[in-house]
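Asker: The structure follows.
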Amino acid sequence: MKKTLFIFMLFGLFTFLTPVVKAEVILTDKEKNFVKEVYSEEYLNDMTEEQKLRVREWDLDNKEVETNSIEEKEKVLTRGDYFASSAKSVSITKACNTDACSIVVIAKWNGSPSVRSYDVMGARFTGTITPYQYKNGVTYIETDDVNSTCVNYQNLSNGFGCSFKLSETAKSFYITQSFSVVGSGTIYASYQHAMTSTSLTISKQYTLAYAGFGKVFDFYGTARSVYDQMNGVDITI
């Protein structure tokens, strides 16, 4: 009896000490094509398991996905689903089923920002669109240095924004803002870069309005002269 108990305890200890190996996430062709389109092929090749899981959570294979892209290298005079300059680009994607739509807004720097202060990214809702389950989703700031999650949200009746400080040492930046919505209307999304050093308090000096920068951020006070007025993107639900 004692011998049997000892063997059982030994087996339990071995099981406890054995590390649990999680299965590798293998992206489908649809997921890979999405990542290449809105991030880059380099991003796809260097993805971590955590990043793959995030893409898998969007359930792209089982939803109707729309991403329309227009890239301008110099000066952009029109707006749509995609805006790009020689420095950075922003895209918006919707992936919908009968319950809700997952929205993914991605800003990426094609160059390296010379000013590293508090940038702002967010969305404005029109029509009957409302957040699904959570007021705002999650905003990841991924770099070649240290990754972080934005925590400085400002929730308003018609959308939200989040302020985050750019790393002083990173050379590449991918900012992903994902959230879910229900209803119908248009979602306007915007990424505004601080052209001069500013504070977190100043970065929150805004309301959300059609007349705002990117048709999202209507800055006031000191903030109005800080941000670069980059065009926004939009998509209809």
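Asker: Of all residues in the range 111-133, which are farther than 23 Å from SER167 by Cα, over 15 Å from the mean Cα position of the chain (by Cα) and not hydrophobic (A, V, I, L, M, F, W, C)?
Answerer: Matches in the range 111-133: THR126, GLY127, THR128, THR130, PRO131, TYR132, GLN133.
Asker: Would you say THR98 is at pLDDT 65 or above and open to solvent by 100 Å² or more (accessible area, probe 1.4 Å)? Before the answer, list the steps.
Answerer: Working: at pLDDT 65 or above: yes; open to solvent by 100 Å² or more (accessible area, probe 1.4 Å): yes.
So THR98 passes the test.
Asker: Taking only the range 159-175 into account, find how many residues are under 16 Å from ASN110 (Cβ atoms) and touching a residue at least 40 places away in the same chain (Cβ under 8 Å). Outline the logic, then answer.
Answerer: Within the range 159-175, the first condition is being under 16 Å from ASN110 (Cβ atoms), and the residues that meet it are 166, 170-175.
Checking which are touching a residue at least 40 places away in the same chain (Cβ under 8 Å) leaves us with 166, 171-175.
The number of residues fulfilling the criteria is 6.
Asker: Sticking with this one: Can you pull out the residues in the range 176-222 that are within 15 Å of the chain's Cα centre (by Cα) and either open to solvent by 30 Å² or more (accessible area, probe 1.4 Å) or without any contact (Cβ under 8 Å) to a residue 40 or more places away in the chain (or both)?
Answerer: Within the range 176-222, SER180, TYR188 meet the criteria.
Asker: Does the range 140-152 include one or more residues that are over 29 Å from LEU44 (Cβ atoms) and open to solvent by 10 Å² or more (accessible area, probe 1.4 Å)?
Answerer: We begin by selecting, within the range 140-152, every residue over 29 Å from LEU44 (Cβ atoms); these are 152.
Still in the running and open to solvent by 10 Å² or more (accessible area, probe 1.4 Å): 152.
Within the range 140-152 (the criterion being over 29 Å from LEU44 (Cβ atoms) and open to solvent by 10 Å² or more (accessible area, probe 1.4 Å)), the answer is yes, since at least one residue qualifies.
Asker: Here's a follow-up. State all residues of the range 221-237 that are closer than 15 Å to SER163 by Cβ and either among the aliphatic types (A, V, I, L, M) or not in a helix (DSSP H, G or I) (or both); if no residue qualifies, say none.
Answerer: Within the range 221-237, ALA223, VAL226, TYR227, ASP228 meet the criteria.
Asker: Could you check the range 35-64 and list, in sequence order, the residues that are within 11 Å of ALA95 (Cβ to Cβ), of a type outside the set (Asp, Glu) and over 15 Å from the mean Cα position of the chain (by Cα)?
Answerer: Scanning the range 35-64 gives LEU60, ASN62, LYS63.
Asker: Here are some conditions: (1) loosely packed, with under 13 Cβ neighbours inside 10 Å; (2) without any contact (Cβ under 8 Å) to a residue 60 or more places away in the chain; (3) not aromatic (Phe, Trp, Tyr). GLY127 meets all but one. Which one does it not meet?
Answerer: The one condition GLY127 does not meet is (2).
Asker: Identify, by number, the condition in (1) closer than 25 Å to LEU44 by Cα; (2) open to solvent by less than 20 Å² (accessible area, probe 1.4 Å); (3) touching a Cys at 6+ places or on another chain (Cβ under 9 Å) that VAL233 doesn't meet.
Answerer: Result: VAL233 passes all but (3).
Asker: For ASP119, all conditions in the list (1) out of contact with any strand residue (DSSP E or B) (no Cβ under 9 Å at 6 or more places or on another chain); (2) at pLDDT 90 or above; (3) acidic (Asp, Glu); (4) outside any helix (DSSP H, G or I) hold save one; what is the number of the exception?
Answerer: (1)
The values are calculated or read from the model by the stated rules, or taken from the named source; none is laboratory data. From a predicted model like this one, the values you see are computed outputs, not experimental measurements. With ideal geometry, Cβ positions are generated from the backbone for all residues, glycine too; neighbour counts draw on all protein chains shown. Ligands, DNA and RNA are excluded from the accessible area calculation, which covers all protein heavy atoms including side chains. Shrake-Rupley method; radii C 1.70, N 1.55, O 1.52, S 1.80 Å.
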